Amino acid sequence: MEIRFLDSRHVVVYRELRLQALRESPAAFASSYEQEAEFSLADFAARLHPSPDSASGIFGAFDANDQLVGLLGFSRETRPKRAHIASLWSMYVGPEFRGQGLGAALLDRAISHAQQLGGLRQIILSVTAGNLAARSLYLSRGFEPFGLERGALFVDGSYLDEEHLALYFCRDAQFPPAAAPRHS
């Protein structure tokens with residue numbers, strides 16, 4: 001397996017795998033198959049343009065035949081007050097490649113990439129409550145829960161909660177901030 005950032009050469013296979021992910025696992029994504037199936041190839045290509053500082057992009061996992069089989073989005077905040085934060089989004093591994101450590105490899109590659117970026121102090125992500133396999137993977141890499149968003153997604157007539165997790169790279173007297181005191 002090889003993991004690398006996708007670029008414009010991968011737009012067709014990226015679109016196919018992204019739509020497969022949305023169709024197969026609708027509860028795992030905020031976007032929907034119906035919504036993104038309407039997007040043009042140019043819309044998908046726009047997601048694959050590297051950020052000006054090469055910090056953000058979509059990691060792709062490729063098998064021995066150079067077939068795209070997994071995805072993980074990574075983006076660093078660009079606003080100066082939030083430039084110490086990155087986000088992970090849209091993790092997906094094709095069903096026939098699950099159970100082989102591919103999700104862990106994608107996550108490890110994204111964490112390694114983040115650690116190379118100057119000034120980055122944390123990575124945040126969200127996982128649908130009840131997705132125990134994904135949650136377990138994130139916890140195994142040091143992510144810590146910091147919030148639960150009730151009814152974050154509405155999928156097939158049901159509201160689903162999302163748990164927010166963070167991986168902190170730096171711990172000092174000011175970071176992460178202590179919980180605010182509760183006032184009665």
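Per the 1.4 Å probe, what fraction of the accessible area of the chain, in percent, lies on carbon and sulfur atoms? Don't skip to the answer; put the middle values down first.
Numbers: 5380 of 10470 Å².
Answer for the chain: carbon and sulfur cover 51 percent of the accessible area.
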With a 1.4 Å probe and all protein chains left in place, how much accessible area per residue does the chain have, in Å²? 57
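Per the Cauchy relation, a quarter of the hull surface: what is the mean projected area of the convex hull of the alpha carbons in the chain, in nm²?
On the way: hull surface 50.2 nm².
Mean projected area of the Cα convex hull: 12.5 nm².
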Can you check what the net charge comes to around Ser136, using other residues whose Cβ is under 14 Å from the Cβ of Ser136 (Lys, Arg +1; Asp, Glu -1)? +1
Indicate the helices, whole DSSP H runs only, in the chain that combine a mean Kyte-Doolittle hydropathy of -0.5 or more with a Cα extent along their long axis of 18 angstrom or more. 11-24, 102-115
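If you take every residue apart from Asp43 with its C-beta less than 12 Å away from the C-beta of Asp43, what net charge results, scoring Lys and Arg +1 and Asp and Glu -1?
Working: positive: Arg15, Arg18, Arg47; negative: Glu36, Glu38.
Once all neighbours under 12 Å are counted, the net charge is +1.
Given +1 on the Cβ of Lys and Arg, -1 on the Cβ of Asp and Glu, and no further charges, what dipole in debye does the chain carry about its Cα centre, rounded to the nearest 20?
Numbers: 18 positive and 21 negative charges, 142 e Å.
In total the dipole reaches around 680 debye.
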Karplus 3J(HN,Hα) series, Hz, for region 30-42 with 6.51 cos²θ - 1.76 cosθ + 1.60 (x for Gly, Pro): 6, 7, 10, 4, 4, 5, 7, 5, 7, 5, 7, 4, 5
Is it possible to state the helix-based mean residue ellipticity at 222 nm for the chain, with each DSSP H run of 4+ residues giving -39500 (n - 2.57), the sum divided by total residues, to the nearest 500 deg cm²/dmol? What is it? -8000 deg cm²/dmol
Around Glu16, what is the net charge, scoring Lys/Arg as +1 and Asp/Glu as -1 over all other residues with Cβ under 15 Å from its Cβ? -1
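The values are calculated or read from the model by the stated rules, or taken from the named source; none is laboratory data. Values in this document were obtained by computation on a predicted structure and should not be read as measured data. Positions of Cβ are generated from backbone atoms using ideal geometry, with glycine treated the same way; all protein chains shown enter the neighbour counts. Calculation scope for accessible area: heavy atoms of the full protein, side chains included, ligands and nucleic acids excluded. Shrake-Rupley method; radii C 1.70, N 1.55, O 1.52, S 1.80 Å.
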